[in-house]
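One structure is given here, and the rest of the page talks about it.
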Amino acid sequence: HLHMATKPRKHDIWFSFSCLRVFVVAFLSSGALAALATQAPVLSKNDRDISRTMLRQIREDLERYYYDPTFHGIDLKARFAEAETRIDKAANASLATAILTDIVMQLDDSHTMFYPPRRSASVDYGWSMSMIGDQPLVVDVAAGSDAAAKAASRRPQA
């Protein structure tokens, strides 16, 4: 029996989006935000300023381009003032991003979304690798690192 892939029906897509929305709302209203605050690095002054700038840009874009001038009855000025206060108190970038996402989700509009910028992070695994020919090889292991403790360096197999 041959099964042909079909395009998802509008109902299926809407149901998936609704489930995602329920999850995000539950996440934002639960203690998960507090957990984010304790796990991520502290929000620097520069990152806090960037979050405030994004908040202002979101507001300007909504005021300029949003199709409903009443914003579904939401008091935009009050919501953004509250969001700014929350960003001022945010402990880390993850929490600030959640606050920015929350302000857009309060519109309850499937066509209005916030896509945060990608973050860059520098990670030190305690080892370095290089391509030698077509093989990736560990070429250096830092003394005292977890990689050294787990004997991550090996000779290439012949």
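At a glance:
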quantity: Tally, over region 72-91, of residues that are in a loop (DSSP other than H, G, I, E, B) and in contact with a helix residue (DSSP H, G or I) (Cβ under 6 Å, 6 or more places away or on another chain); calculated: 2
quantity: Subset of region 58-87 (residues that are surrounded by 12 or more Cβ atoms within 10 Å (Cβ to Cβ) and within 23 Å of Lys45 (Cα to Cα)); calculated: Ile58, Arg59, Arg79, Phe80, Glu82, Ala83, Glu84, Arg86, Ile87
quantity: Hits in region 90-146 - residues which are surrounded by fewer than 10 Cβ atoms within 10 Å (Cβ to Cβ) and of a type in the set (Asp, Glu); calculated: Asp124, Asp134
quantity: Any chance Ala143 is over 26 Å from the mean Cα position of the chain (by Cα), modelled with pLDDT of 85 or more and assigned to a loop (DSSP other than H, G, I, E, B); calculated: yes
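A quick yes/no check of all residues on (1) free of Cβ contacts under 8 Å to residues at least 24 places away in the same chain; (2) under 30 Å from Arg79 (Cβ atoms); (3) in contact with a strand residue (DSSP E or B) (Cβ under 8 Å, 6 or more places away or on another chain):
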residue: Ile103; (1), (2), (3): no, yes, no
residue: Phe114; (1), (2), (3): no, yes, no
residue: Asp124; (1), (2), (3): yes, no, no
residue: Ser130; (1), (2), (3): yes, no, yes
residue: Leu137; (1), (2), (3): yes, no, yes
residue: Ala142; (1), (2), (3): yes, no, yes
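The values are calculated or read from the model by the stated rules, or taken from the named source; none is laboratory data. Being a predicted model, the structure only gives us computed values, none of them experimental. Note that we place each Cβ from the backbone using ideal geometry, even for glycine, and neighbour counts take in every protein chain shown.
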